[in-house]
Amino acid sequence: MKDLDDLFEKVMSANIFVNRDILRPDFIPDDLPHREEQIRKLAEIMAPALKGSRPSNVFIYGVPGTGKTAVTKYVLGKVDAEGRKKGQTLNVAFINCKQDDTNYRVIADLCEAIGERVPFTGLSTSEVLRRFISIIDRSDRSLFVVLDEVDTLVKKTGDDMLYKLTRINDKLSRTRISIVGITNDLKFTEYLDARVRSSLGEEELIFPPYNAAELEDILTRRAQGGFQRGRLDGGVIKLCAALAAKEHGDARRALDLLRIAGELAERGGDQKVSEVHVRKAQREIEKDRVVEVVRTMPLHSKILILSLHILSRQSSKGGTTGEVYDLYCDVAKKFGLEPLTQRRVSDLINELDMLGIANARVVSKGRYGRTKLVALSISDRNLRDALQGDAGMSSMIGK
């Protein structure tokens, strides 16, 4: 097709980027500005591994995009490199609990980290754990187990796996295991048993959000290696930083804005990235984020969102929590599910409000007191995209 040939030619001839991968959030640069204190403290915690001792378990908190994962990978990379010089065997098992959100997959990933593969299914979790303990204790080594977004695992399966991992050193004679837990949920420890909380949180690190000036500095450094010289208009980086600073100082958001703005300029055949491209990128990211968040939500949360959508067709102002709950119960029963309690649904409404998917506001009814009105905050199109994999749900949208 000639249109495709023209498109490919336009992309190939574009001269915007030097290396766009540098602008991706998962790229780990040689330096991580404005995280020097966290790097130093985490390195101090992990350094005993270089002398053959077991470092303390550490728990890392912070809102999304504050450098938690990047700093952890950076420090572990430095510790590993130093360990090689000293002849120490150091292994790292990096587990994203949002992707591997079952106890079985966590242990299977630990096995793979030490070079042992286990069947995808077919064994009990206790058997896989027994194999892991048997294999890892055959040699003298240190193992860092990084559980990124560990709150996802605990909310889904409970804290039994964390309890076993924090006690696993009692069963080992030659190997030392340290746990690094990373979470975006600042209240996560409330979900944990007291024994798990004390064992996992031997050391704690808090990552504060970046401010606009810090984000601007981070983007400027990345842009120097990511873009061709002179391809960014003067206000582009400042605008990306300002927009991301409003999102709790999210560096991921800032980098995504800058990279996608560059890609939009490239697709349009423009020679420079402008603030107009940044605004377009912001709309693209917002749409994609909402769709992905809704798509990965638990079933009852999706049913609640669908109930709010149905309610919005009756009133643009939404409905009271009581009206929402009644409608939710009806929709849940249509799907053959037992409704959650009203208190649990109220918690889910608060979560949707925090994510910007719903808007819950308290309004005064004069002498009749106050009530909370709940309304959906996302478009029918985004909701349809998010639920398109479920024919039963998508058929109820927009009718």
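The values are calculated or read from the model by the stated rules, or taken from the named source; none is laboratory data. All of these numbers come straight from a predicted model, not from anything done at the bench. Here Cβ is always computed from backbone atoms with ideal geometry, including for glycine, and neighbour counts include all displayed protein chains.
Data overview
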quantity	calculated
Extreme residue, surrounded by the fewest Cβ atoms within 10 Å (Cβ to Cβ), among residues of segment 163-182 that are touching a strand residue (DSSP E or B) at 6+ places or on another chain (Cβ under 8 Å) and among the aliphatic types (A, V, I, L, M)	ILE168
Qualifying residue in segment 54-75 (condition: of a type outside the set (Asp, Glu), out of contact with any Lys or Arg (no Cβ under 8 Å at 6 or more places or on another chain) and farther than 27 Å from LEU153 by Cα)	no
Lone unmet requirement of (1) at pLDDT 90 or above; (2) over 23 Å from ARG252 (Cβ atoms) for VAL278	(2)
Any hit, segment 65-74, residues being over 26 Å from THR189 (Cβ atoms), modelled with pLDDT of 90 or more and either touching an Asp or Glu at 6+ places or on another chain (Cβ under 8 Å) or in a strand (DSSP E or B) (or both)	no
Boolean, VAL145 is part of a helix (DSSP H, G or I), surrounded by 17 or more Cβ atoms within 10 Å (Cβ to Cβ) and in the same structural domain as GLY83 (by TED's automatic domain parsing)	no
Given (1) in the same structural domain as ALA70 (by TED's automatic domain parsing); (2) basic (Lys, Arg); (3) more than 30 Å from PRO55 (Cα to Cα), number of the condition ARG197 does not satisfy	(3)
Residue among TYR191, TYR210 that alone is more than 25 Å from ARG54 (Cα to Cα), crowded, with 19+ Cβ neighbours inside 10 Å and out of contact with any Phe, Trp or Tyr (no Cβ under 6 Å at 6 or more places or on another chain)	TYR210
Restricting segment 91-126 to residues that are among the charged types (D, E, K, R) and in a helix (DSSP H, G or I), the residue that is surrounded by the most Cβ atoms within 10 Å (Cβ to Cβ)	ASP109
Residue list for segment 198-245, restricted to those being free of Cβ contacts under 8 Å to residues at least 60 places away in the same chain and basic (Lys, Arg)	ARG229, LYS238
Subset tally (residues that are of a type in the set (Gly, Ala, Ser), farther than 19 Å from PHE207 by Cα and modelled with pLDDT of 95 or more) for segment 1-48	1
Single residue of segment 249-277 satisfying the filter (farther than 19 Å from GLY225 by Cα and buried (at least 16 other Cβ atoms within 10 Å of the Cβ)) that is farthest from the chain's Cα centre (by Cα)	ASP270
Extreme residue, surrounded by the fewest Cβ atoms within 10 Å (Cβ to Cβ), among residues of segment 312-366 that are in a helix (DSSP H, G or I) and among the β-branched types (Val, Ile, Thr)	THR321
Verdict on LEU129 being among the hydrophobic types (A, V, I, L, M, F, W, C), assigned by TED's automatic domain parsing to the domain that holds SER199, within 30 Å of the chain's Cα centre (by Cα) and part of a helix (DSSP H, G or I)	yes
Some residue of segment 246-256 being in contact with a strand residue (DSSP E or B) (Cβ under 7 Å, 6 or more places away or on another chain), outside the structural domain of LEU355 (by TED's automatic domain parsing) and touching a residue at least 12 places away in the same chain (Cβ under 8 Å)	no
Helices (runs of 4 or more DSSP H) within segment 215-311 that include 3 or more residues within 23 Å of ASN350 (Cβ to Cβ)	275-295
